[in-house]
Amino acid sequence: MAQQKYGDDFQVGDVHRTARITVTETHVVTWAGLTGDFYPLHMDEVYAARTEFGTRLVHGPLIFGLAVGLVAQAGFGGDAAIAWLGVERMRMLAPVRIGDTIDVEVTVKERRTTRDPRKGVQTWTYRVRNQRDEPVLEFDYVLMMHMREA
């Protein structure tokens, strides 16, 4: 199958936005079961009601996973990625509650070449926002990308 997209197709400053998803009780319970993270702030409404948040919160790593999935579903990266190299500067900026709706704005932050002209590395900044357009999570996602041969 022929390569459809390349890292060359993305320029520093390019901005893309995903569709939205409402985070449900099912997401939270499924995540807890998959990861074993049954911390009471996420799972125990009586406990959570006594915290400064007043209700249960969604797991931060679940929001990260949903952000990655929303970007993948949006498809603007196509088949350009070779591998995920890591994440940098991850910060949870605000709580996400069950019933909140999130989307992701992605900005191409950095591009660099490697010794192999067929491969490059890019950093994309993910900004996750809630239904009030408030930032809730931000991180830099680092990818190795296919490049057109020089």
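The values are calculated or read from the model by the stated rules, or taken from the named source; none is laboratory data. Since the structure is predicted, the reported quantities are computational estimates derived from the model, not experimental observations. Positions of Cβ are generated from backbone atoms using ideal geometry, with glycine treated the same way; all protein chains shown enter the neighbour counts. We work out accessible area using only protein heavy atoms, side chains counted, and drop any ligands, DNA or RNA first. Shrake-Rupley method; radii C 1.70, N 1.55, O 1.52, S 1.80 Å.
At-a-glance table
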| read-out | value |
| --- | --- |
| Residue list for the range 1-46, restricted to those being among the aliphatic types (A, V, I, L, M), exposed (fewer than 12 other Cβ atoms within 10 Å of the Cβ) and either more than 19 Å from the chain's Cα centre (by Cα) or assigned to a helix (DSSP H, G or I) (or both) | Met1, Ala2, Leu34, Val46 |
| Tabulated pairs, the range 29-45, first on the phi > 0 side of the Ramachandran plot, second open to solvent by 70 Å² or more (accessible area, probe 1.4 Å) and of a type outside the set (Ser, Thr, Tyr), C-beta under 9 angstrom, 6+ apart or interchain | none |
| Residue under evaluation Asn130, criteria (1) among the polar types (S, T, N, Q); (2) open to solvent by 20 Å² or more (accessible area, probe 1.4 Å); (3) free of Cβ contacts under 8 Å to residues at least 40 places away in the same chain; (4) within 18 Å of Arg17 (Cα to Cα), criterion not met | (2) |
| Residues (under 22 Å from Arg127 (Cβ atoms) and small (Gly, Ala, Ser)) located in the range 14-65 | Ala19, Gly60, Gly65 |
| Some residue of the range 104-125 being farther than 30 Å from Leu57 by Cα, of a type in the set (S, T, N, Q), surrounded by 14 or more Cβ atoms within 10 Å (Cβ to Cβ) and at pLDDT 95 or above | yes |
| Failed condition for Thr51, given (1) hydroxyl-bearing (Ser, Thr, Tyr); (2) free of Cβ contacts under 8 Å to residues at least 60 places away in the same chain; (3) in contact with a strand residue (DSSP E or B) (Cβ under 8 Å, 6 or more places away or on another chain) | (3) |
| Residue match in the range 61-79 (condition: touching a helix residue (DSSP H, G or I) at 6+ places or on another chain (Cβ under 6 Å), over 30 Å from Arg148 (Cβ atoms) and surrounded by 12 or more Cβ atoms within 10 Å (Cβ to Cβ)) | yes |
| Residue, nearest to Leu137 (Cα to Cα), within the range 82-103, restricted to residues that are open to solvent by 40 Å² or more (accessible area, probe 1.4 Å) and of a type in the set (D, E, K, R) | Arg91 |
| Extreme residue, farthest from the chain's Cα centre (by Cα), among residues of the range 136-150 that are touching a residue at least 60 places away in the same chain (Cβ under 8 Å) and farther than 12 Å from Thr107 by Cα | Arg148 |
